[in-house]
Every structure is written in C-alpha cells, then in structure tokens.
Amino acid sequence: MTDKMRKLLYHIYMGSFLFYLLVPLVIMSGAAFNNNKTPSVYPWKGFSSQWFVELWNDGTMWTSFGNTIWVALAVVAIAVPLGAAGAILINSISGWSRSFLYFFMVAPILAPGAVIGISTILFWNKLSVPVGLHLSVLGQVSYIASFVMLLVLARLQSFDQNLEEAALDLGASHNQVLRRILLPHLYPALGAGAAIAFFQSIENFNVTLFTRGTQNTLTVYVFSKVRSGITPSINALAFLLIAATLVAALIYEVRRRRAAALEAAREAEGRRAAEAEMV
Amino acid sequence: MGDLLKRYGGTLTGAFVLLTAFWLLMLIILPNLALFETSFRPYLPVAEMGGPRDVYSADNYVKFFESPGPMSVFGFEIAVPLRAQTFLYTVFYSVVVTVVAFAFSYPIAFYLAKVVSPKSVPTLILLLFIPLWVSEALRAFAWYIILTLNGPLNAALVGLGIMEKAVRWQQGVFTNYDAIVIGLVYNYILFMLFPIYNAMSSLDTNQIEAAQDLGAPWWKTHLRIVLPHSKPGIASGSVMVFMLAAGSLLVPTTLGSTRSNWFTQTIQQAMLESQDWNTGAAYSFLYLLLCTVVVFGVMRLFKVRLSDIAR
C-alpha cells in the first residue's frame, strides 16, 4: 500500500467518524420539525413549528431550566474555593501525607455518580438534612472540586515562589501576597475551573437523580420525559441546544482563524523588515 | 506546611486547611463511611429504628446472592443469582464498550496527532467536541429515535436491501444489550479519543520515520513505537470509559429493554422505587469495590500512576 493510499484511507475514516458523531444530532434536530406526534424523522409528515410552541409553554421545563442554572452557579461558587484551597495545600507538602491527600482528592472523579449521590443523602440524612437540590449541589461539588484542584495544581507548577518572598521582604502583608501575587497567577486556572464546574454541573445526571428529592433539573426532566410519553418538544429543546452550540463553535472558530491570520501577517511583516535591513 | 504559614500567615493557612477539611471530610470520607455503615443495617420502619431489631448484619449483602437463575457462560448453563448476573453482564458489556471505543478511536487519535496537517487540527477537534456539549440525556435519546422499529436505521437498511425486514434493536438482535452498547459507545468514545490523542501528540515524529526508514512495516511501527508511547493515554481513556459505561443509568434506561438489566438500574430500583436505602447502600458499596479493583488493576497492568489516569 502506498503512502498516498494510506493517507486517503485515513481521510475517509476521519470523515465517516465525524458523520457517525454528528448524524444522530441532525436526526434529532430534524424530528423537532416533523409534524408527527412521536419524535421521528421517518416517515416525514410535513414541516411544523408546533413543538417549539409546546416547549415554550411548558412550565415544568422552565422551572427545571432555572433550577439547573442555580445549581450550577452554587456548584461553581463552592467547588472553585474548595478545589483551589486543596491544590494550594497539597502543593506545599510532600511525602506520604501528600499521596494520601491526593488519593482522596482525585478518587471522586473515578467513583460512579450514583454512589456519590447515594452516600451524600445517607450522610446528610444522619444529620437530619432532607433531600433536595441543596444536596445535589454538595454531591456534585465533591467530585467537581477535584477537577478544579487538578487545574490549579498544574498551574501552580509554573509559579515562581520567589515573587512571594520578595513581596514579604518588601513588607507586604499576607493578604496582599495572596491577592496581588498568587491569585493573579492562578486566574486562568480558576477561570477554566469555573467553566468546567459550570458545564459539569449542567450535564450531571447520576448524582442529581439520587439527591434531588422531588425537584427537577433539566437533565432529569428530559430523562423523565423520555421515559414517560415523549413528544417532539424534547427534540425542539435539543435543536435549540445544538444550534446554540454551533453558533458558539462558529464564533470561536472565526476568532481563532482571524488571530492565526493576524499572527501570520505579523510574521511575514517581520521577515520583510529583516530582509530590507539586510539589503 | 510551615512554608504556607510563612507565606500566608495563620488566618489564611487556617482557611485553606478548613476548606480542604470540609471538602475531604464532609463531602467525601464521611459520606462513604455513612454508606458503609448503612449497608449493614436492616431496613426498618421509622418507629423501629434504634429498637431491638436494629442490629448490624450482612443481610443486605446476602440479598445479592439470592434467587438464582440460569445463565449461560461460554455455552454452559449454570445457576447464578439474578443480581450477580446483572452485575456480571454490566462488567462484561462495559469491557466490550471500552474495547470497541478503543478500536474506533485509536486510528482517529493517530490521524489527529501524526497524519493530518497541524493546521486543521483545531477545527477537527472543535467538530469532535460538538456532541459533548449536547446533554447526555439527549445523546441517548437521539439513538432511541434512530433505533426504533419504524426509525431511520431500519428504513435505511431495508431500503438498501441489507436486511429483509425491520428488527427491534432495543430488544436485542445479537445479544440483549445491543442498543445499550451502541448508545454507550456513542456517548463515551470521546473520553477515549482525547487522552490517547494527548499522549500520541508528544511522540517525536522522527521516531516513526526512523522505524520506517529501517524497514519496519506499518503495523510493527504501531506495535513497537506508537502503542507503547500512548500507554498512559490508553490507560486513562480505558478507565474513564469503563467507569462511565458501568456507572451509566441514563443510557441503559433509555435504550434498554426488559431483557437487559444494568446494575445501576438495580441500585436505582432499591433506592428510589422500594425506598430501601440499606440494600441500596450495600449494592452501592459492592459497586464502589468493583471500581476500586478496576482502577488498581489497570494501574498495575499498564504500570501507570493515579496522577496519569486522572487528568
């Protein structure tokens, strides 16, 4: 087999892989516009926008949507400080105590969500705290803080501790050292951590299902809809989410390309200037 | 520790310690101890809690080994307790999902890392990420639509003459778990792809070229150079996909039938339908044990550390 043929095969495989990933989303979006009571693209019974109207008028959906956002914001507000504190602490110790703490901080990422949810309600039940979305927040924080911890820990590797010592020598207070030197260095990791925490929380199903009591979040609501009689209004919701994702991806891509083009132009400019100097 | 005190003083160090302690104790360690303790207690009405019948026993674990049913293992019919069967099927098909996800994503990872021009990699990765932004519930639902009896997959297969008539995928065609495996692979394949891609992109392309110049056939280059180099990524991806698949509740419930039970569904029935938290705790604990065994098994097998897996 020649190199060219192998490359062609690779391109074809990549193409079919993308097809495999994206076609289910296309089919799901298509079903949102089909004038058919059960969600399907086949047989096609004509174009309809009634499912969007139904979705708009669905009060439970809106409540669940609101709950999802509140839970996600609460998770960000708690998980980011916890994860960051854990990373700072673990970064300053070494030896067996470090491995020991590291194990407990990382283990929740690998634990099944259902078990996290169940252990959370059992523990807080012993303290007479009833189930509800507040427990969903705590359950989600237990493993989402681990992601934040890993991000902050990675960022701390590139931190120059001499800066802090210099500041202390020059008379800065401990608070100033934290606020003016450490935190600014950590901002990128904290920002990324907050974003990951937010989206992990929105996505979460397993922990929420066991801790939510009778309240709904969007994923749980979609799940219950899929189990009991489904109407294509769920597809309408899916279509809106996919459309939003696509728009965000498109904006990101355009900005990235523009930045790359700018970079290339600057490089070319630099080269020309260097050549001119040589002459 | 003394270092922290010197830099941030007593108050701030105290705050760091307190926050970490709250996280580790209140959210991780004590809840798991509560799970362990609850699993050894009987399921009693509220009035009898703390009474003479509220004593520790292993009864909840015994339930796991009750009510045997026939199960065929490599063609032999043997009697295995029903819940243990569910447990074994879950483990087996999660391994299947992991292997399939690896087989499909390895060439893609290699393509992204070494074949395609680096210029188009960011665009491709962005495209690959799109399904991840759509909720898991909806991704499972998409396959529910595709696999239904009157759905597009059957229509296409019959239309192309590959099959004579439509089949019920969710009831299982080859095994009872077809639809679940399809859905799980689709949902989690990217958690395999990205770790392998990350590991591969740190491989020096010169090594591949040297192997080729010295006359190694393409499969040998992969076996001796690319594969060993991507080992940490493969370990990380495999653990991730196995855990996600075995722990999934959405996909088996959405795509499964009455003939296919996933162990998370057994736990869910105990917890939420029978409201028997004690039995649910016992099953959860068994599950946690399984996960621990798998993680440490993979770490041993691939000779990697926990920090390589959790990234």
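The values are calculated or read from the model by the stated rules, or taken from the named source; none is laboratory data. Everything quoted here is computed from the prediction, not taken from an experiment. Cβ placement follows ideal geometry from the backbone for every residue including glycine, while neighbour counts extend to all protein chains displayed.
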### Message
Given the condition within 25 Å of the chain's Cα centre (by Cα), closer than 28 Å to B:Glu37 by Cα and more than 7 Å from every other protein chain (Cβ to nearest Cβ), answer yes or no: does some residue in segment A:148-169 qualify?
### Response
no
### Query
In segment B:109-147, how many are among the polar types (S, T, N, Q) and more than 7 Å from every other protein chain (Cβ to nearest Cβ)?
2
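If you check A:Ser29 against the conditions, is it in a helix (DSSP H, G or I) and exposed (fewer than 15 other Cβ atoms within 10 Å of the Cβ)? Even if it seems obvious, please write down each step before you answer.
On the way: in a helix (DSSP H, G or I): yes; exposed (fewer than 15 other Cβ atoms within 10 Å of the Cβ): no.
For A:Ser29, the condition - in a helix (DSSP H, G or I) and exposed (fewer than 15 other Cβ atoms within 10 Å of the Cβ) - is not met.
Keeping to segment A:110-128, report how many residues are touching a residue at least 40 places away in the same chain (Cβ under 8 Å) and either facing chain B (nearest Cβ under 7 Å) or of a type outside the set (A, V, I, L, M, F, W, C) (or both).
Residues in segment A:110-128 being touching a residue at least 40 places away in the same chain (Cβ under 8 Å) and either facing chain B (nearest Cβ under 7 Å) or of a type outside the set (A, V, I, L, M, F, W, C) (or both): 6 in total.
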### Task
Any chance you could count how many residues in segment B:53-97 are touching a Phe, Trp or Tyr at 6+ places or on another chain (Cβ under 8 Å) and of a type in the set (Gly, Ala, Ser)?
4
### Task
Test each condition in (1) in a helix (DSSP H, G or I); (2) surrounded by fewer than 16 Cβ atoms within 10 Å (Cβ to Cβ); (3) within 14 Å of another protein chain (Cβ to nearest Cβ) for B:Pro31 and report the one that comes out false.
(2)
### Query
So, of the residues in segment A:187-219 that are of a type in the set (Phe, Trp, Tyr) and in a helix (DSSP H, G or I), which turns out to be nearest to the other protein chains (Cβ to nearest Cβ)?
A:Phe210
### Task
Considering only segment A:22-48, state which residues are under 23 Å from B:Val185 (Cβ atoms), more than 8 Å from chain B (Cβ to nearest Cβ) and either in contact with a His (Cβ under 7 Å, 6 or more places away or on another chain) or among the aliphatic types (A, V, I, L, M) (or both).
A:Val23, A:Val26
### A:Val222 being over 17 Å from the mean Cα position of the chain (by Cα), facing another protein chain (nearest Cβ under 8 Å), buried (at least 18 other Cβ atoms within 10 Å of the Cβ) and in contact (Cβ under 8 Å) with a residue 12 or more places away in the chain
yes
### Query
For segment B:234-285, how many residues meet the condition of being in a loop (DSSP other than H, G, I, E, B) and either within 23 Å of B:Trp143 (Cβ to Cβ) or at pLDDT 90 or above (or both)?
9
### Query
When you scan segment B:120-172 for helices (runs of 4 or more DSSP H) that lie fully inside it, which ones turn up with 1 or more residues that are basic (Lys, Arg) and within 16 Å of A:Met28 (Cβ to Cβ)?
B:136-147
